[in-house]
Amino acid sequence: MRILFDQGTPVPIRRFLQSHQIRTSREQGWSRLANGDLLNAAEDAGFDVLPTTDQNIRYQQNLVARKIAIVVLSKARWRLMKPVVVQIVTAVDAAQPGTLTPVEIPAR
């Protein structure tokens, strides 16, 4: 699977998704793209999944006809995500085109 990390997705998650091809929006030269434009660029480039910490993406974008899957992480801090990284990996691995999957990250 091809995965695109947006600006808010902590890069350390990358090492837990080694069976996938991962790029960041910065690596793609897309760090200035807003959500709609980022989703369009990601789909056009053949990305399958966008993990994001943008809680409002489901309300700001029409996700019905999207080919890309979106995994919404409820927190942006790696130290909070690390204990539930298996849950994040499971959500990414199970992501299907056009779906949005929330992953709740406990505030510890």
Inset, instruction - Would you mind counting up the charge near Asn62? Only other residues with Cβ under 14 Å from its Cβ, with Lys and Arg at +1 and Asp and Glu at -1. - result: +1
Inset, instruction - Taking only Cα atoms and a 10 Å spring cutoff, compute GNM fluctuations for the chain and point out the largest among Arg32, Arg23, Arg77. - result: Arg32
Legend entry - Where Ser25, Ser74, Ser19 fall by accessible area, highest first, once all protein chains stay in place (1.4 Å): Ser19, Ser74, Ser25
Legend entry - Cα-based Kirkwood hydrodynamic radius, segment 60-108, one decimal, Å: 11.5 Å
Inset, instruction - Please identify, among Thr53, Thr90, Thr24, the residue showing maximal mean-square fluctuation in a Gaussian network model of the chain using a 10 angstrom Cα cutoff. - result: Thr90
Inset, instruction - Please build a GNM for the chain, connecting alpha carbons under 10 Å apart, and tell me which residue among Ala94, Ala42, Ala69 fluctuates the most. - result: Ala94
Legend entry - the chain: Rg to Rh, with Rh as the Kirkwood radius over Cα pairs: 0.92
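Students sometimes get this wrong: rank Glu104, Glu27, Glu43 by accessible area, probe 1.4 Å, all chains present, largest first.
Glu104, Glu27, Glu43
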Legend entry - Radius 9 Å from Cβ of Phe5, net charge of other residues (Lys, Arg +1; Asp, Glu -1): +1
Legend entry - Degrees between helix 85-94 axis and first principal axis of the chain (Cα, 0 to 90, nearest 10): 30 degrees
Legend entry - For the chain: relative contact order, % (alpha-carbon pairs under 8 angstrom, 6 or more apart): 28 percent
Legend entry - segment 36-108 - charge dipole about Cα centre, Lys and Arg +1 at Cβ, Asp and Glu -1, debye rounded to 20: 440 debye
Inset, instruction - Please give the FRET efficiency for Tyr59 paired with Asp37, using the beta carbon to beta carbon distance and R0 = 25 Å, rounded to the nearest 0.05. - result: 0.90
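The values are calculated or read from the model by the stated rules, or taken from the named source; none is laboratory data. Here the structure is a predicted model, which is why all the values come from computation and not from measurement. No Cβ is skipped: glycine too gets one built from the backbone with ideal geometry, and neighbour counts run over all protein chains shown. Keep in mind that these areas ignore ligands, DNA and RNA; they rest on the heavy atoms of the full protein, side chains included. Shrake-Rupley method; radii C 1.70, N 1.55, O 1.52, S 1.80 Å.
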